[in-house]
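Below: the structure, in structure tokens.
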Amino acid sequence: MGTPPVGPAGPAGPPPPIRPAAGWYALPIGLGVLAVLLFFGAFALLWTESEVADGPSSEGPESGVSLRLEEGYGYFVYVRDGASEPRSCAVVTEERTIPVRLTREHSWVASDVENHTYAATFTAPVTGQAQVACTGTGGWIRVQPDDASLLYLGIAFFLSLGLVAVALASLPVIMLRRSAARRRAAAVTGPPYPY
């Protein structure tokens, strides 16, 4: 009996798994898709409202401030600093006078207006040129469109930008870690190592 032939050693075992798995590529792709959906979804939902928010404002005596209104959209009422909040307001057109319900909706986002204080919000009951008349302020009022939609669009934009940044940052990290794992596996089992 002779010595057994010496040859290449057999495989030491199954190759070590590549970590992170290829499925991790779904993370940056999913974040990118979410960013696009968030931005364009907010844009589609808030576009008309943002157009109204960019509309004109007007100020004058509480007996009637004239401006163009868009039915169903909110408007902020401001009073001069130190003046009382309005007890009631109405929208006056050529045909009729329509009382409006005063709320505090979106008061947290009301713009700062020099020498004025936010007082109330109302929803326009008509579309077109009209007057907004209030009682109880004892002076001048300012009426302007509710611009909360502009803030929401800004938030959607920056959230989308953040998601895209995270997606772009995570993609090379996943690629580098998988590449390093393949090199380690090739060192143990010898090339070639499947991708």
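The values are calculated or read from the model by the stated rules, or taken from the named source; none is laboratory data. Just so it is clear, the model here is predicted, and its values are computed rather than measured. Every residue, glycine as well, gets a Cβ built from its backbone with ideal geometry; the counts of neighbours run over all protein chains shown. What goes into the accessible areas is simple: the full protein's heavy atoms, side chains included, and nothing from ligands, DNA or RNA. Shrake-Rupley method; radii C 1.70, N 1.55, O 1.52, S 1.80 Å.
Output the residues belonging to the range 147-166 that are modelled with pLDDT of 90 or more and open to solvent by less than 20 Å² (accessible area, probe 1.4 Å). Those that are modelled with pLDDT of 90 or more and open to solvent by less than 20 Å² (accessible area, probe 1.4 Å): ALA156, SER160. Looking across the range 34-61 at every residue that is in contact with a helix residue (DSSP H, G or I) (Cβ under 6 Å, 6 or more places away or on another chain) and among the small types (Gly, Ala, Ser), the one that is farthest from LEU151 (Cα to Cα) is identified as ALA35. Applying the criterion of being in contact with a Leu (Cβ under 8 Å, 6 or more places away or on another chain) and outside any loop (DSSP other than H, G, I, E, B) to the residues of the range 44-68, the residue that is surrounded by the fewest Cβ atoms within 10 Å (Cβ to Cβ) is SER58.
Open to solvent by less than 10 Å² (accessible area, probe 1.4 Å), of a type in the set (Val, Ile, Thr) and out of contact with any helix residue (DSSP H, G or I) (no Cβ under 6 Å at 6 or more places or on another chain): is that true of THR121 in this structure? Here the answer is yes, as THR121 does meet what is asked.
Conditions tested, residue by residue: (1) among the β-branched types (Val, Ile, Thr); (2) without any contact (Cβ under 8 Å) to a residue 12 or more places away in the chain.
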position	(1), (2)
TRP108	no, yes
VAL113	yes, no
ALA119	no, no
VAL132	yes, no
LEU153	no, no
ARG177	no, no
ALA185	no, no
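Of the strands (runs of 3 or more DSSP E) contained entirely in the range 109-149, those carrying at least 2 residues that are within 11 Å of TYR78 (Cβ to Cβ) fall at 116-123, 140-145. Select from the range 69-106 the residues that are assigned to a loop (DSSP other than H, G, I, E, B), without any contact (Cβ under 8 Å) to a residue 40 or more places away in the chain and either surrounded by 15 or more Cβ atoms within 10 Å (Cβ to Cβ) or among the aromatic types (Phe, Trp, Tyr) (or both) and list them in ascending order. LEU102 - this is the single residue of the range 69-106 that is assigned to a loop (DSSP other than H, G, I, E, B), without any contact (Cβ under 8 Å) to a residue 40 or more places away in the chain and either surrounded by 15 or more Cβ atoms within 10 Å (Cβ to Cβ) or among the aromatic types (Phe, Trp, Tyr) (or both).
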